[in-house]
Each structure stands twice: as structure tokens, then as C-alpha cells.
Amino acid sequence: MINFTLKHFRYFDALARHGHFGRAAEACSISQPALSVQIKELEAMMEAPLVERTARQIRLTTLGEEFLVRARKVLTEVEAMGDLARLSEGSIKGTLRMGVIPTIAPYLLPAFIRGLSDELPDLELRPREAVTQTLLEDLRHSRLDFIVAALPVSEPAFQEFPLFDEEFILVRAAQDANKPVPSPKKLQEMKLLLLEEGHCFRDQALSFCNIKKSDPSLLMEGSSLATLVQMVDAGLGLTLIPEMAVPLERRGTSVSLAQFTDATPKRTIGMIWRKTNPLEQQLKGLAEILKEIGETRRWRFEEGV
């Protein structure tokens, strides 16, 4: 008799996602040798290798790929049963796993956590910060209950709930404060600093400036909005950041800020969850609370400058 456990499935799923024993072990909060033992147990039960080991990464064998599909189905069903258990309680309580993108997390997550603590004292949020595509993948496989990101994501399996809109603000050197605000076309000719690949905010900024992703890059990249603003302060170019980031990121710098007047770039922040989640009504109620928190506590350019 083969005695699979949920631990086997979760560890194998983590290994498949990270492609590396060390990173997968860290994600599972166990040691690398312990993870390796679990995977070897799986392979012994299957009487065949599930992963192809190399010095730097692992690859799934054909059997491993098939096993992963079935293991993820089991994990998804287990998570769904947990949702049903919480649904029977009538209101949201216990732990909810929340995903949030890096261009929102530092600026609104503290307000979200404090606000939800006041409104829903029996709810514990377990947030995770990652780029949009990573969060959507985790949501798809029931590793997250909902995410807060820029809309739309336009996936049929997901429900989208708009929370609020916010503008993009131009950040440039202090000596440029009195210069006219450049048009999107003019920005193409300037030293534009943007987030590195993978961030949806980067794609939105490129779209506003009508710069194709495949164009030879005249751009400089940073890993975070904080890095971009510091690069501007050092005289390396100019950048765009969302309104909510302004109070934190301009602190300690001499950069100047400007609001676009024509064709103002903006984004819609929203909450996203699986349409099949039995907590649909509770998540809608949660979204209404987050909407109110976002509208009342976020910073607005016209009010803050």
C-alpha cells in the first residue's frame, strides 16, 4: 500500500515551483536534507525518479510532471475543504492568505492590516508580497485566498473587485521643478527609470509612454520604487511612481514632483479571488472594507502637495 501524505504533495509542489532544493526547503520552513528525504520517499513509493537533479536546479521527469498535476488537484481540494469549514462559521475568521504586489505592499498593507483588525478581530491575515504573475499562479492553485493588485488581470477563473483608482506621479530632479511636464512622447527621449521586468507597474508606464517592450532599451532599471527615486535624486534620470508611494519614497530626498495634466496615467487597484471560492460573499464583504480603508487612508497628490 502506498502511503502518500499531504506533506509529500506540498513539498513536491514547492520543489516544482522553485526548481531548487534549497529555495523549496526555505519556502517550506524545513531543512534541505529533510526536504530531500521526503522527495526520495515519494520516488521510492512511485518506484521511479520524479526529478532530474543537476548542480544548480532540478527538472521534473515525465512521470514527475504527471504526478505534479494530480498532486496539485489534491492540494486544491484540501484547501477548498478548509474554505467550506470556514464558511460554516458564518463570518470570516481564522487565517486568510493574502497576496499583494510590491508597488502596493509597503504603502497600504499596514493600513489594511490595522483596519481589518478593527473590523474583523477574529481574522488573521497572512500576507505575501510578490509580482502579479506569481500571485496569480498561487491564487490559481489555492495557495492564496485573495490578492490585491492592479486591474484588470482578465482571467475567466477570477473575480475582480475594484477598490480605487490612483494617478502616476512624475519624479524628477529638484532643478527641473519649474520645467513643463513632458508629454508621453517626450518621455521616450528622456532617461526614464523603470522597475525591472516582471512588475506590472513597469508595463503600465511603458504603455503610457508608448514604448514597446521589444524596443532597444534606453531605460535604466531598478528593483523597487525606492531605488528608482534614489536614482532620480542622484541625477540619473526621471521616473513615475504611484500616488500612494510618494510620502514614503520622497522622504529624505530633494526630488521634485509633478502631476500630468493631459492623458493622465493611472491604475485601478483591486481585490481578486477565485470564482469557485465558497467564501465568495465573505470576500465581497472584505473587499468593501478594504475599499473604504484604501479611499480614506491613501495619499492623494492634490491634497498632499
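Every read-out reported here was derived from the displayed coordinates using simple, explicitly stated rules and does not represent laboratory data. Since the model is a prediction, treat every value here as computed from it, not as a measurement. Counting neighbours? That spans all protein chains shown, and the Cβs are built from the backbone with ideal geometry, glycine included.
What to note about this one:
- Label-to-label distance for Leu257 and Arg300 is 1.4 nm, based on points extended 7 Å past Cα in the beta-carbon direction.
- Computed label-point distance, nm, for sites Ala111 and Glu189 using a 7 Å Cα→Cβ extension: 3.8 nm
- Based on C-alpha pairs under 8 angstrom that are at least 6 apart in sequence, the chain has a relative contact order of 21 percent.
- Near Lys179: Cβ cut-off under 13 Å, other residues only, Lys/Arg at +1 and Asp/Glu at -1. The net charge is +1.
- When shorter helices are ignored and each DSSP H run of at least 4 residues is given -39500 (n - 2.57), the per-residue value for the chain at 222 nm works out to -13500 deg cm²/dmol.
- Computing FRET efficiency as 1/(1 + (r/R0)^6) for Phe4 and Asp122, where r is the C-beta to C-beta distance and R0 is 30 Å, gives about 0.35.
- Amide hydrogen neighbours beyond the local backbone of Glu124, cut-off 5 Å, H modeled: Gly94, Thr95, Leu96
- Using the Karplus relation 6.51 cos²θ - 1.76 cosθ + 1.60 with θ = phi - 60°, the per-residue 3J(HN,Hα) values for the range 220-236 come to 10, 10, x, 8, 8, 5, 4, 4, 4, 5, 5, 5, 4, 4, 7, x, 8 Hz, with x marking Gly and Pro.
- Under 5 Å from the amide H of Ser256 lie the amide H atoms of Arg172, Ala173, Ala174, each residue being 5 or more positions distant or on a separate chain, with H modelled from the backbone and absent for Pro and chain starts.
- Estimated FRET transfer efficiency (Ala48, His20; beta-carbon r; R0 35 Å; 0.05): 0.95
- You can think of it this way: the chain between Leu236 and Leu248 has 2.3 nm of extra reach, that is 0.36 nm per residue less the Cα-Cα gap.
- Near Leu116: Cβ cut-off under 14 Å, other residues only, Lys/Arg at +1 and Asp/Glu at -1. The net charge is -1.
- Gained length - Thr227 relative to Lys275, 0.36 nm times residue gap less alpha-carbon distance: 13.6 nm
- Interatomic Cα distance distribution for the chain, bins of 20 angstrom, percent: 29, 49, 21, 1
- GNM result for the chain, Cα springs below 10 Å: residue of Pro156, Pro278, Pro265 fluctuating most strongly: Pro156
- Asp165/Met220 FRET efficiency (R0 25 Å; Cβ-Cβ; nearest 0.05): 0.35
- Overall form of the range 7-65 per C-alpha gyration tensor (a/c, 1.5; a/b vs b/c): oblate
- In order along the range 156-171, the phi-based Karplus estimate (6.51 cos²θ - 1.76 cosθ + 1.60, θ = phi - 60°) of 3J(HN,Hα) comes to x, 7, 10, 9, 10, 10, x, 9, 6, 9, 8, 7, 8, 10, 7, 10 Hz; Gly and Pro are listed as x.
- Sequence-separation-based contact order of the range 155-305, relative, with Cα cut under 8 Å and 6+ spacing, percent: 44 percent
- Between 0 and 90°, nearest 10: helix 105-119 axis offset from the chain longest Cα axis: 70 degrees
- Size of electric dipole in the chain: Cβ of Lys, Arg +1 and of Asp, Glu -1, about Cα centre, debye, nearest 20: 500 debye
- Share, in percent, of DSSP beta bridges within the chain that are antiparallel, nearest 5: 60 percent
- Within straight-line cross-link reach of Lys186, lysines at Cα separation under 29 Å, skipping those fewer than 8 residues along the same chain: Lys212, Lys213, Lys266
- Candidates Ser254, Ser154, Ser207, ranked by Gaussian network fluctuation over the chain, Cα under 10 Å, top entry: Ser154
- Computed extension gain for Ile30 through Lys93, at 0.36 nm per residue and net of the alpha carbon distance, reaches 19.9 nm.
- Backbone geometry of the range 13-27 corresponds, through the Karplus equation with coefficients 6.51, -1.76 and 1.60 at θ = phi - 60°, to 3J(HN,Hα) couplings of 4, 5, 5, 5, 5, 8, x, 7, 4, x, 5, 5, 4, 4, 5 Hz, x marking Gly and Pro.
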